[in-house]
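Student: There's a structure below that I have some questions on.
The values are calculated or read from the model by the stated rules, or taken from the named source; none is laboratory data. None of these values were measured; they are calculated from a predicted model. Here the Cβ is made from the backbone with ideal geometry for all residues, glycine too, and neighbour counts use every protein chain on show. Surface accessibility is based on the protein's heavy atoms, side chains included, excluding ligands, DNA and RNA. Shrake-Rupley method; radii C 1.70, N 1.55, O 1.52, S 1.80 Å.
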Amino acid sequence: MPLIHLLTTLSLLMGISQPPPIYQQMEYIMGSLCHIEVYGLPTPKLKSAVQSAFAEMRRLEQVMSDYRPDSELNQVTRQAHLKPVVLSSDLYQVLAMAQQIAVHSGGAFDITVGPLVKLWGFKQKSLSAHPPPTAHQIQAQLKLVGYRHIHLTAHPPTLKLQQPGIQLDLGGIGKGYAVDRAMATLQRAGIRQAMIDFNSNQAFIGAPPGQTQWQSAIKHPRHTAQVLAVLSIQDRSVSTSGDYEQFFTWQGQRYSHIIDPRNGYPIKQAVTATVVHASGMIADALSTSLLVISPLEARKLLAKYQPLQAYWMRNTGKQTRWESLL
Ligand code: AMP
Ligand code: MG
C-alpha cells in the first residue's frame, strides 16, 4: 500500500478527522479581484458551483458595464432618449433600486452622475494629479445629471431618458447586485457555507467549518494596511465605500471619486462608510449614499431599509472616529 494511503487509513482508524473540503478561486471581474470560498460539499461540487457563480458575474458585467461599448447598459442608454427601450430583468432591477435610493437619499445617490465622474477625471485607466474642473465646466455637466431624467416602467420593463447625453454609472450599486446573484447561484447549487469577497462588497452565508459566524475585516481608510474594525456576519452582505478607493490630490486638497450630484463636487466630510444588509445591492448603494449625505439625512435614509447595521467615519475637523449610525 502506498505510504499516503497507509497514513490515511491509519488516521481514519485512529479517529483523526480529515479537514473539511474547501474550494476557493479568484477572478478579475468588473475591474476588481473577486475571491470566492466555499465549504460543505465534495470538492467537485464546490468547484462547479464556484465556476457557475463566476460565469454569472461575467454575464452581469456585460449587462452593467459602462466601460464596454457593447454592454446592455451602453446600448440601451444610446437609444433611450428617443423612445422607451426594453430592459433585461437584471438591468431593470438595478435601475429600479437605484431610483428608489435616489428618491430616499434626496438625490445624493444618483446613477446619472456619470458625466461628473468623467469630468473630474475618474473614468481614465490611470489616475494622476490634475487641476480640478472649473465651476463653468461643472455647471455644464450638471445639466445632464439628475435621477428625474430617468423614466422606468415595470410592465414591460423599459427605460426612457429625458435628453441625449445622459450617462448612467452603476459603479455605486452594480457590484452589490453581482454579489447577490453570485451568492444565489452558489445556494442553488446546494452550498450553505460561502464567502464572496469582491473588493469593497462581500457576502457571507452560514459560517466556515468549526465557527458560528464569518469575520469581515474593514480596512482603515487612511492606513490601509491596518484593520479598522472586525464585524461578525452570517447570511448578510457587507459594503464599504471610501474616499480612499480613488482620489487625486491637487494643491493640498484631496478630490475623491464620489461626487455629490446636487452640486457637482467630490465629497468632503465622510471618509468611509460600511453597511451590512441582507441585500448586497442595497448595502452597496447605501454605503455610497452615506458618504454624500448629512447625519440627519443618513438616519432618515437608513430608517427605510431596516434591518441593517451602518457605520461611518467623518472628517469634521474635530475628532475623526468610526461610529455606528443606529
Ligand atoms: P462605491 O465604491 O460603491 O462607493 O461606488 C463608487 C462609484 O460610484 C464611483 O466610482 C462612481 O462610479 C459612482 N458614484 C460616484 N458618486 C456617486 C453618487 N453620488 N451616486 C451614485 N454613484 C456614484
Ligand atoms: Mg456602493
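Student: Give the accessible surface of the chain per residue, rounded to a whole number of Å², with probe radius 1.4 Å and ligands, DNA and RNA excluded.
Tutor: 49
Student: Same structure again: So for each of 256-265, 41-50 I average, over its residues, the number of other beta carbons within 10 Å; can you give me the resulting order with the highest mean first?
Tutor: 256-265, 41-50
Student: Mind telling me which of Q246, Q309, Q18 comes out most flexible in a GNM of the chain, alpha-carbon contacts under 10 Å?
Tutor: Per the Cα network of the chain with a 10 Å cutoff, Q18 tops the list.
Student: So what is the orientation-averaged projected area of segment 150-229, using the convex hull of its C-alpha atoms, in nm²?
Tutor: So the mean shadow area of the Cα hull is 9.1 nm².
Student: Now for a separate question. Relative contact order of segment 106-243: what whole-number percent is it, with Cα pairs under 8 angstrom and at least 6 residues apart?
Tutor: Normalised by residue count, the contact order of segment 106-243 is 17 percent.
Student: What spacing in nm lies between the two simple spin-label points modelled at H223 and V103, each 7 Å away from Cα in the Cβ direction?
Tutor: Inter-label distance under the simple model: 4.5 nm.
Student: If we count every other residue with Cβ under 13 angstrom of I138's Cβ, Lys/Arg +1 and Asp/Glu -1, where does the sum land?
Tutor: Within the 13 Å Cβ shell, the charges total +2.
Student: Once Lys and Arg get +1 and Asp and Glu get -1 on their Cβ, which of G280, G264, P44 lies farthest toward the positive end of the dipole of the chain?
Tutor: It is G264, whose Cα lies furthest towards the positive end.
Student: Another one. Between segment 213-244 and segment 85-126, what is the separation of their alpha carbon centroids in Å?
Tutor: Value for the Cα centre distance between the two parts: 24 Å.
Student: For the chain, find the longest principal axis of its Cα atoms and tell me its angle to the long axis of helix 43-64, 0 to 90°, nearest 10.
Tutor: 10
Student: Moving on. Please list 225-235, 60-70 highest first by mean number of surrounding beta-carbon atoms within 10 Å per residue.
Tutor: 60-70, 225-235
Student: Label Q79 and T249 with points 7 Å out from Cα along Cα→Cβ: what is the distance between them in nm?
Tutor: Those two pseudo-labels are separated by 4.8 nm.
Student: Name all residues of segment 206-228 having a backbone nitrogen under 11 Å from the label point set 7 Å from the Cα of T320 along its Cα→Cβ direction, giving them as ranges.
Tutor: 221-223
Student: Moving on to the next point. Arranged from highest to lowest average of other beta-carbon atoms within 10 Å per residue, in what order do the peptides 202-210, 75-83 appear?
Tutor: Result, highest mean Cβ count within 10 Å first: 202-210, 75-83.
Student: Over the alpha-carbon set of the chain, work out the extent along each principal axis and list the three values in angstrom, largest first.
Tutor: 80, 51, 38
Student: Kindly express, to the nearest 10 degrees and within the range 0 to 90, the angle between helix 174-188's C-alpha long axis and the longest C-alpha principal axis of the chain.
Tutor: Roughly 30 degrees, rounded to the nearest 10.
Student: Let's see if you can work this out: charge +1 on each Lys and Arg Cβ, -1 on each Asp and Glu Cβ, no other charges. What is the dipole magnitude of segment 234-321 about its Cα centre, in debye to the nearest 20?
Tutor: Approximately 360 debye in magnitude.
Student: Among residues other than V86 whose Cβ falls under 12 Å from its Cβ, what is the net charge (Lys/Arg +1, Asp/Glu -1)?
Tutor: Net local charge, V86 excluded: +1.
Student: Then there is this: How large a share of the accessible area of the chain, in percent, is made up of carbon and sulfur atoms when the probe is 1.4 Å and the other protein chains stay in place?
Tutor: Of the solvent-accessible surface of the chain, carbon and sulfur hold 55 percent.
Student: In deg cm²/dmol, rounded to 500, what helix-only [θ] at 222 nm does the chain give when every DSSP H run of at least 4 residues adds -39500 (n - 2.57) and the total is split over its residues?
Tutor: Dividing the helical sum by the residues of the chain leaves -10500 deg cm²/dmol.
Student: Given a cut-off of under 8 Å on Cα pairs at least six residues apart, what relative contact order in percent is computed for the chain?
Tutor: 17
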